[in-house]
Amino acid sequence: EVQLLESGGGLVQPGGSLRLSCTASGFTFSSSAMTWVRQAPGKGLEWVSGILGSDGGTYYADSVKGRFTISRDDSKDTLFLQMNSLGAEDTALYYCAKGAGSRSLRAEYWGQGTLVTVSS
Amino acid sequence: DIQMTQSPSSLSASVGDRVTITCRASQSISSWLAWYQQKPGKAPKGLIYQASKLESGVPSRFSGSGSGTEFTLTISSLQPDDFATYYCQQYNSYSSFGQGTKLEIK
């Protein structure tokens, strides 16, 4: 059974940083693309970032480019999202999702999310 | 970036109705489109991938069609469990989601 468990969310001040983690199990993590998707309170889904399983290529939405960094530790089956220069617009529930293949950013399985609140 | 536009944004329908939701891409995405269903407080659930392929376990009343820039999700006969918010996602170039369609009971 595929399981994705996000952690690292919390309250952070504007301009601050936070690192999210997603621990995976039930599939071959190193072979899978992975994605972060967020959802602001009462709003729709927003794709944030993705990383391929084949070559580790990384991709970002314009809204986070230059501020967020996605990475993975295949030895620990863990995905990360380093978030810097956070603003109120980054307040959201952040979902980790397994891609449907090594190069697909289609979200095949989802975690339950970790909440990030940016506020003073 | 590819923009995805769903219509309508909200929809009221009755059990047994046939419902169609449209998703338009700002440029061609071939058939690299997925549809998701989300209920309040829950993670999204995949329904359709590659525009028309049904995810395992999804009822056959759900179907998808389209290619290029215009896509549709059809629910042939609405059931009480289908009232939720639906999103399309393109995964041709990076990825992006439509703004969602909230399906409510009439």
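Quick notes on this one:
- Any chance A:SER85 is in contact with a Ser or Thr (Cβ under 9 Å, 6 or more places away or on another chain), of a type in the set (Gly, Ala, Ser) and farther than 24 Å from B:MET4 by Cβ: yes
- Within the range B:60-70, one or more residues are away from every other protein chain (no Cβ under 14 Å) and of a type in the set (Asp, Glu).
- The range A:76-120, residues that are acidic (Asp, Glu), surrounded by fewer than 19 Cβ atoms within 10 Å (Cβ to Cβ) and within 18 Å of A:LYS43 (Cβ to Cβ): A:GLU89
- Extreme residue, farthest from the chain's Cα centre (by Cα), among residues of the range A:97-120 that are of a type in the set (A, V, I, L, M, F, W, C) and more than 10 Å from every other protein chain (Cβ to nearest Cβ): A:VAL118
- The set of residues in the range A:9-41 that are surrounded by fewer than 18 Cβ atoms within 10 Å (Cβ to Cβ) and more than 18 Å from A:GLY87 (Cβ to Cβ) comprises A:SER21, A:THR23, A:SER25, A:GLY26, A:PHE27, A:THR28, A:SER30, A:SER31.
- Which listed residue is among the basic types (Lys, Arg) and crowded, with 16+ Cβ neighbours inside 10 Å, from B:ARG18, B:ARG61, B:ARG24: B:ARG24
- Counting residues in the range B:13-22 that are free of Cβ contacts under 8 Å to residues at least 60 places away in the same chain and away from chain A (no Cβ under 14 Å) gives one or more.
- Strands (runs of 3 or more DSSP E) fully within the range B:23-106 counting 2 or more residues that are among the small types (Gly, Ala, Ser), at pLDDT 95 or above and in contact with a strand residue (DSSP E or B) (Cβ under 7 Å, 6 or more places away or on another chain): B:62-67
- Filter pass, A:VAL48 being surrounded by 13 or more Cβ atoms within 10 Å (Cβ to Cβ), in contact (Cβ under 8 Å) with a residue 60 or more places away in the chain and out of contact with any Ser or Thr (no Cβ under 7 Å at 6 or more places or on another chain): no
The values are calculated or read from the model by the stated rules, or taken from the named source; none is laboratory data. Fair warning: this is a prediction, and the values are worked out from it, not measured in the lab. So basically every Cβ, Gly included, is an ideal-geometry build from the backbone, and we count neighbours across all protein chains shown.
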